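K.L.:
Quick one: this structure, given as structure tokens, is what I'll be asking you about.
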Amino acid sequence: VQLQASGGGLVQAGGSLGLSCAASGRAFGSNGMGWFRQAPGKERVFVASISWPGRTTYYADSVKGRFTISRDNAKNTVYLQMNSLKLEDTAVYYCAGSRLQIASMSPGNYDYWGQGTLVTVSS
């Protein structure tokens, strides 16, 4: 399974940005998906997750109400819409896929990881 994240870039505080994660590979099918992020000098932390086929979602408290995770199962793609961005949202964002169908907040439940895409929020 390969996960390809895209959509990162530079955005001003208060702005919006959308990330995409395209999955490919024969082993990929009905998988729970998630987004994590890692800020400079910090550990990777949970951002959002979505179950298969998409009924359940979870968000970190820090992004709740601002970020929205969604998926297009026909395209094997997961999205993260980020609104009202803050300086502290600056990080490398990673998408992850699980062999399980659940939406999980634990990185240990994910088996596949994308390469990461950088989001920089400026003042």
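The values are calculated or read from the model by the stated rules, or taken from the named source; none is laboratory data. Worth saying up front: this structure is predicted, and the values here are computed from it rather than measured. Counting neighbours? That spans all protein chains shown, and the Cβs are built from the backbone with ideal geometry, glycine included. Each accessible area value is taken on the protein alone, full model and side chains, heavy atoms only, with ligands, DNA and RNA left out. Shrake-Rupley method; radii C 1.70, N 1.55, O 1.52, S 1.80 Å.
K.L.:
Outside any helix (DSSP H, G or I), surrounded by fewer than 22 Cβ atoms within 10 Å (Cβ to Cβ) and touching a Gly at 6+ places or on another chain (Cβ under 7 Å): is that true of S84 in this structure?
P.N.:
yes
K.L.:
A further question follows. Provide a single number: the residues in segment 108-123 that are outside any loop (DSSP other than H, G, I, E, B), more than 13 Å from Y58 (Cβ to Cβ) and either in contact (Cβ under 8 Å) with a residue 60 or more places away in the chain or touching a Pro at 6+ places or on another chain (Cβ under 7 Å) (or both).
P.N.:
Of the residues in segment 108-123, 8 are outside any loop (DSSP other than H, G, I, E, B), more than 13 Å from Y58 (Cβ to Cβ) and either in contact (Cβ under 8 Å) with a residue 60 or more places away in the chain or touching a Pro at 6+ places or on another chain (Cβ under 7 Å) (or both).
K.L.:
Determine whether segment 49-63 contains at least one residue that is out of contact with any Lys or Arg (no Cβ under 7 Å at 6 or more places or on another chain), outside any loop (DSSP other than H, G, I, E, B), open to solvent by less than 30 Å² (accessible area, probe 1.4 Å) and within 11 Å of Y94 (Cα to Cα).
P.N.:
No, segment 49-63 has no match at all.
K.L.:
All but one of (1) modelled with pLDDT of 95 or more; (2) in contact with a strand residue (DSSP E or B) (Cβ under 6 Å, 6 or more places away or on another chain) hold for D61, so report the exception by its number.
P.N.:
So the condition that D61 fails would be (2).
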